[in-house]
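Structure first, then comments.
Readers should treat all values here as calculations from the given coordinates under stated rules, not as data from a laboratory. Keep in mind that this is a model prediction, so the values were computed, not measured. Glycine also receives a Cβ, built like all others from the backbone with ideal geometry; neighbour counts cover every protein chain displayed.
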Amino acid sequence: MPAPVRIWLEIAHHGAFRIGGWAFVRLRDGAVSGTAGGARRVDLEKTALRAIAATLSGLTPGEPVELHTASPAVLAIPRRIADAATGESPPTEDLELWAKAVAALRRPGLVMNPTIAAPGTPTAFAAAWADLACERAKTKGEFTAPIPKHNLAKAGV
């Protein structure tokens with residue numbers, strides 16, 4: 001069995017300005033990559049949904065994945081999906097985004113691991129980039145961009 005793809009995902013959200021940012025670091029076959037993104041006029045849940053959909057897109061079907069996050073909002077999405085499936089408070093807005101997140105989280109071989117954003121870890125690196133993405137979204141609007149390779153060298157992977 002191939003080694004799992006390891007992903008560290010974090011989000012940042014500023015409720016007063018309704019802006020959100022996210023970032024992930026991906027370790028696959030010894031190669032490190034990462035992406036950050038953000039948007040205006042989003043709530044915390046929508047930021048988490050966007051982050052999950054972006055993070056888990058582009059992976060090979062059946063490829064085992066370990067998703068590490070310290071974000072309570074990201075960790076809450078699977079429970080929200082399970083509750084909605086039983087008819088308890090199903091989403092009424094952003095249904096296309098919900099569908100993408102549901103499909104992404106139902107992939108076989110996905111394991112979600114709660115983690116702590118300790119200094120020098122990939123989780124802390126992703127959290128810093130999520131904060132940066134949140135600030136950029138405030139002035140620039142919606143975006144998605146790769147994290148530069150020279151910065152990824154400091155990810156702690």
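Within segment 79-111, the residues that satisfy the criterion of being farther than 25 Å from residue 3 by Cβ and basic (Lys, Arg) are 79, 80, 100. The condition of being among the polar types (S, T, N, Q) and either in contact (Cβ under 8 Å) with a residue 24 or more places away in the chain or touching a Leu at 6+ places or on another chain (Cβ under 9 Å) (or both) holds for only one of 86, 92, 123, that being 123. Within segment 102-144, track down each residue that is loosely packed, with under 12 Cβ neighbours inside 10 Å, over 23 Å from residue 75 (Cα atoms) and touching a strand residue (DSSP E or B) at 6+ places or on another chain (Cβ under 7 Å). Matches in segment 102-144: none.
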